[in-house]
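In what follows, a structure is listed as C-alpha cells, so that the remarks can point back to it.
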Amino acid sequence: MSKAPLMPVEDALDQLLGMANEQRLADSELLALDDARGRVLASDLVATLDLPPWPNSAMDGYALNLADLHRQPLKVSQKVYAGLAPDTLLPGTCARIFTGAPLPPGATCVEMQENVEVLEDGRVRFLQPLKAGQNIRAQGQENRVGDILLRAGKRLGPFELAVAAGQGLAQLHVVRRPRVALLSTGDELVEPGQPLRPGSIYNSNRVLLGHWLCELGCEVIDAGILPDRPAQTRLKLEQLQVSADLILTTGGVSAGDADCLGQVLRDNGKPLVWKLAIKPGKPLTVGHFGAVPVIGLPGNPTSALVTFGLLARPYLLRIQGVDDVMPLSFTVNAGFDWHKAGGRREYLRVRLEAGRAVLYPNQSSGVLLGATWADGLVEIPENSTHNLGDPLRFIPFNELF
C-alpha cells in the first residue's frame with residue numbers, strides 16, 4: 001500500500017487556524033497598564049481626548065500673530081512654559097514660548113529662537129519669512145475624540161500601552177490568558193537538577209516552550225514528564241482536559257512503539273495532522289482529547305522550536321483574537337550553496353553576516369545550541385537547490401519570540 005503524501009505546511013497552518021477561529025477566547029479581564037504588556041486588547045480603544053488637546057509649540061521660540069509682523073520689533077508680553085495656561089496675546093506683542101507649551105490665543109505662528117534677534121531693550125526682530133501655522137502642532141493632530149486608536153485583537157507592546165496612557169487610561173480590557181497544559185513525554189527525560197540515569201537526557205523543551213508560552217501571554221500549567229505508557233497517557237489527558245484550553249506536548253507523536261501520545265489520540269479522537277512536509281518537524285499531531293485541542297510537537301529540540309514557532313504560535317495568537325498571526329519575514333542572500341533538493345520544506349538556522357545568511361555548521365534537529373548562535377531561520381522550498389547569493393526567505397527569531 002502506498003504511503004500517504006506528506007501534508008504541506010500551509011495546509012497544516014490553515015487547519016490549525018480554522019480550529020483557532022472556532023475556539024477564540026470570549027472572556028476578558030481588566031488589567032493595569034503595567035501588567036498588560038504582551039496581552040491582547042479585548043475591545044477597540046476609542047479616543048476620549050484630542051491629541052494634542054490644544055495647539056502647542058513644536059519648538060523653543062516666539063509666538064506671534066502674523067498680522068503684527070509689520071510692527072516689529074515686537075515687545076515680549078509673556079513667557080509660556082509647558083504645563084502653564086497662557087494669556088491671550090496682546091496686540092502688537094509676541095510671547096516667548098517653549099516646546100510643548102500651549103499656544104496663546106491670538107497667536108498664528110511660532111518662529112524658532114535661532115531665527116530671532118533679541119534687541120538690547122528686550123524687543124524681538126524676526127529675521128526670516130513666516131507663514132501661518134508655522135511650527136505649531138494643531139489640536140487633534142494625532143487623533144480626534146472618537147477615533148479608533150487600537151483595534152480589538154492588537155497585541156499590546158510599549159507603543160500601544162503608551163498610546164493608552166496618552167488618553168489617560170490606567171487600565172485596559174484584555175483577553176484572558178489561554179491556559180496551556182505543557183506536557184513532556186518520554187522515559188528518557190529527566191528534569192534539570194536531578195541526576196541523570198543511564199540513557200537519560202535533561203528536559204530542555206519544557207524550559208524553552210514554557211518561557212515562549214509566557215511571552216505569548218499564556219498561563220502555563222506545568223504537567224511534568226509523562227512516561228511512555230498508554231494508560232498513563234490517557235489518564236493524564238483526562239485530568240488536563242478539565243482545566244486547559246490547549247494541551248501542548250513534546251515527543252511521542254511519531255509512529256514508533258513507544259510513541260504513546262499519537263496512539264492514544266488515534267484511539268480516542270480524530271487527529272487532523274500526522275506527517276508534515278517540513279524539516280525539521282515531520283512528526284506532528286493535532287487533534288482533540290474530548291473537547292480540548294491537543295498539539296503534539298516532535299521531541300527533538302529544534303523540531304519542537306520550528307513547529308511551535310511556525311504552527312503552534314499562530315494558533316495561540318489567533319485564539320486570543322489576533323488576526324495577523326504570521327511573523328514578519330524578508331529576503332536575504334544565501335551565504336552558502338545548497339545542492340540537496342529534498343521533498344520537505346527545510347528551515348535552517350542562520351546568522352546574518354555582511355548581508356548574507358550564514359549556516360550554523362550542525363543542522364541536526366537534536367542540536368539546540370545553534371539557536372543561540374543564529375539570528376533566525378531561512379526557508380528552503382521543497383525540491384529546490386540554491387547557490388551562493390540566491391535570495392531566500394528569512395524569519396528572524398525576534399519575530400517568533
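The values are calculated or read from the model by the stated rules, or taken from the named source; none is laboratory data. On a predicted model such as this, the values are computed, not experimentally measured, just so you know. FYI the Cβ positions are ideal-geometry reconstructions off the backbone, even for glycines, and counts take in every protein chain you see. All accessible areas refer to the heavy atoms of the entire protein, side chains included, with ligands and DNA or RNA removed. Shrake-Rupley method; radii C 1.70, N 1.55, O 1.52, S 1.80 Å.
Summary of computed values
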quantity: Acute angle (nearest 10 degrees) that the helix 230-240 long axis makes with the longest principal axis of the chain, alpha-carbon atoms; calculated: 30
quantity: Inter-centroid distance (Cα atoms) of the range 335-401 relative to the range 91-121, Å; calculated: 58
quantity: Sum of side-chain charges, residue 245 neighbourhood, beta-carbon under 10 Å (Lys, Arg +1; Asp, Glu -1); calculated: +2
quantity: Percent of beta bridges antiparallel (DSSP, the chain, rounded to nearest 5); calculated: 65
quantity: Contact order relative to length of the chain, as percent, for alpha carbon pairs under 8 angstrom and 6 or more apart; calculated: 16
quantity: Antiparallel DSSP beta bridges within the range 12-117, percent to nearest 5; calculated: 60
quantity: Å² per residue, accessible surface of the range 272-401 at 1.4 Å; calculated: 38
quantity: Fraction of accessible area attributable to carbon and sulfur, the chain (%, probe 1.4 Å); calculated: 52
quantity: Student exercise, the range 64-179 dipole from Lys, Arg, Asp, Glu Cβ charges, in Debye to nearest 20; calculated: 860
quantity: Residue among 339, 211, 386 with the largest mean-square fluctuation in a Gaussian network model of the chain, springs linking Cα atoms under 10 Å; calculated: 339
quantity: Top positive-direction residue, dipole computed over the chain with Cβ charges, set 116, 85, 54; calculated: 54
quantity: Whole-number D in µm² s⁻¹ for the range 290-385, Kirkwood Cα-pair radius fed into Stokes-Einstein, 10 °C, 1.306 mPa s; calculated: 106
quantity: Under 15 Å, Cβ to Cβ, from residue 219 - net charge with Lys/Arg +1 and Asp/Glu -1; calculated: -2
quantity: Correct choice for Kirkwood radius over Cα pairs in Å that was computed from the model, options [x] 20.8; [y] 25.4; [z] 22.1; calculated: [y]
quantity: Span from the the range 29-85 Cα centroid across to the the range 203-239 one, whole angstrom; calculated: 50
quantity: Nearest-20 debye value, the chain charge dipole, Cβ charges on Lys, Arg, Asp, Glu; calculated: 360
quantity: Shape of the range 265-321, Cα gyration tensor, a/c cut at 1.5; calculated: oblate
quantity: Sequence-distant residues sharing a close amide H with residue 202 (under 5 Å, placed H); calculated: 190
quantity: Percent RCO, i.e. relative contact order, over the range 37-183, from Cα pairs under 8 Å lying at least 6 residues apart; calculated: 38
quantity: Gyration tensor verdict on the range 314-358 (Cα atoms; rounded if a/c is under 1.5, prolate if a/b is larger than b/c, oblate otherwise); calculated: oblate
quantity: Highest-MSF residue in the chain out of 313, 266, 155 [GNM, Cα springs under 10 Å]; calculated: 266
quantity: Helix 205-215 vs. the chain, principal-axis angle (Cα, 0 to 90°, nearest 10); calculated: 30
quantity: Helix 9-22 vs. the chain, principal-axis angle (Cα, 0 to 90°, nearest 10); calculated: 70
quantity: Magnitude of the charge dipole, the range 1-133, Cβ model with Lys/Arg +1 and Asp/Glu -1, debye to 20; calculated: 600
